[in-house]
Amino acid sequence: HYFTVLFGHEGQKPLELRCEDEVDGDEWVEAIHQASYSDILIEREVLMQKYIHLVQIVETEKVAANQLRHQLEDQDTEIERLKSEIVALNKTKEKMRPYQGNQEDEDPDIKKIKKVQSFMRGWLCRRKWKTIVQDYICSPHAESMRKRNQIVFNMVEAESEYVHQLYVLVNCFLRPLRMAASSKKPPISHDDVSSIFLNSETIMFLHEIFHQGLKARIANWPTLILADLFDILLPMLNIYQEFVRNHQYSLQVLANCKQNRDFDKLLKQYEANPACEGRMLETFLTYPMFQIPRYIITLHELLAHTPHEHVERKSLEFAKSKLEELSRVMHDEVSDTENIRKNLAIERTIVEGCDILLDTSQTFIRQGSLIQVPSVERGKLSKVRLGSLSLKKEGERQCFLFTKHFLICTRSSGGKLHLLKTGGVLSLIECTLVEETEVS
């Protein structure tokens, strides 16, 4: 399963490789096809054009919405004017009515008839009102409001559970470990405690305040106002960025600290606390990672059962958009951080080092071993760009594929990787892949 990489630069000879099986070969060929940096730039340009088009559509919709809003305001003004005219006409009518005589002079039979009529009108009114209430209880709007209330109650329960998890994290792990770090023979340093827990205590205080606000709102049910709570919460959620960015590093520091027997023994004692319910410290450190996506899902469900004319709809939509924006920023930062760590990990495994891996825009795609096959032309061994090979021997290379470069290394007997002196770092910006289909 043999393929060749041709480079667009003059003076560069083709790179000839093969794999052990067909599936692996197809995967390598497809991966190299997709690794072209120029293709990525073209795709980015297409996406930017689509984004600009969508922005223009949004702006047009905003202008149309403003026009409709102005029309509604004009109509409201007209309605108020007509109401005032009706009130004035009613007052004029009252003045024009003739003076009615004293009701005490009415006939007793007339009074009885009026009393029966009043009773019948009341009975009919109560029956009509009962029908209206029953119809509303069975209506889609009432069902939607019941679901909305259930979402709010579930959110309060989930927030209560989350605050309890943060309380266990701080009081069963963070504060005891701080005390242990200040002991005579500390099993862990204060720097490691800060690296593992970072600002989790601040997050706990924030959600305790938010939880108290939710309980106060529920106490006033059915008058339920939530939007102002999210207005208070949103500016403080930036503390999650630092926690999420540090999460992977905190787990690595914790794993390194567990190598210390004294620390591992102490941590198991803390995890045996009944409040932990058998959960490990890593589990509690992971809970804050899912809180913002959980808020986004809750707001989606809440808006699905909130009428468009509801007084809180705009505020809830604004809170959802801000949370989605924060979630995207955090996801991008985590992806960039993981990519940098992966590149640095590969760079450390190469004895000579590799400067091109220090480029933050260099994204890792795949790694594995490939076999370099010797080229034979007219019974003679041709010169190969990746070192000399005999006719009987094939060279196994450890390869790393990135979006911009292709690294080729040899592995020494000690297991260390060495870049090939000639052609160890190949640029993929201007290269052509040629696949040989013939078995010979």
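Only one of the listed residues (ARG341, ARG261, ARG328, ARG294) is more than 22 Å from the chain's Cα centre (by Cα) and open to solvent by 30 Å² or more (accessible area, probe 1.4 Å). That residue is ARG261.
Pairing each residue of segment 245-261 that is touching a residue at least 40 places away in the same chain (Cβ under 8 Å) with any residue that is of a type in the set (S, T, N, Q), provided the two are 6+ apart or on different chains, yields C-beta distances under 8 Å for ARG245/THR337; ASN246/SER195; HIS247/THR286; GLN248/THR337; TYR249/SER195; SER250/SER195; VAL253/SER195.
For segment 191-235, the candidate set comprises residues that are of a type in the set (Gly, Ala, Ser) and under 18 Å from TYR162 (Cα atoms); within that set, the residue that is nearest to the chain's Cα centre (by Cα) is SER200. Whether a residue is part of a helix (DSSP H, G or I) and at pLDDT 80 or above was assessed, and ILE188 does not pass this test.
Between ARG146, ARG175, the distinction of being assigned by the TED database to the domain that holds LEU237, closer than 26 Å to GLU282 by Cβ and free of Cβ contacts under 8 Å to residues at least 40 places away in the same chain belongs to ARG175 only. When each of GLU301, GLU277, GLU282, GLU312 is tested for being open to solvent by 20 Å² or more (accessible area, probe 1.4 Å), touching a residue at least 40 places away in the same chain (Cβ under 8 Å) and out of contact with any Phe, Trp or Tyr (no Cβ under 9 Å at 6 or more places or on another chain), the lone residue that passes is GLU301.
Quick grid of which residues meet (1) in contact (Cβ under 8 Å) with a residue 12 or more places away in the chain; (2) farther than 23 Å from LEU433 by Cβ; (3) out of contact with any His (no Cβ under 8 Å at 6 or more places or on another chain):
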site: PHE7; (1), (2), (3): yes, no, yes
site: GLY11; (1), (2), (3): no, no, yes
site: ASP39; (1), (2), (3): no, no, yes
site: HIS53; (1), (2), (3): no, yes, yes
site: ALA64; (1), (2), (3): no, yes, yes
site: ARG81; (1), (2), (3): no, yes, yes
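Does segment 2-20 contain any residue that is among the hydrophobic types (A, V, I, L, M, F, W, C) and in a helix (DSSP H, G or I)? Scanning segment 2-20, I find no residue that is among the hydrophobic types (A, V, I, L, M, F, W, C) and in a helix (DSSP H, G or I), so the answer is no.
The values are calculated or read from the model by the stated rules, or taken from the named source; none is laboratory data. All figures in this text were calculated on a predicted structure; none of them were measured in a lab. Don't worry about glycine lacking a Cβ; one is built from the backbone with ideal geometry, like all the others, and counts go over all protein chains shown. The area values use the complete protein model at the heavy-atom level, side chains included, leaving out ligands, DNA and RNA. Shrake-Rupley method; radii C 1.70, N 1.55, O 1.52, S 1.80 Å.
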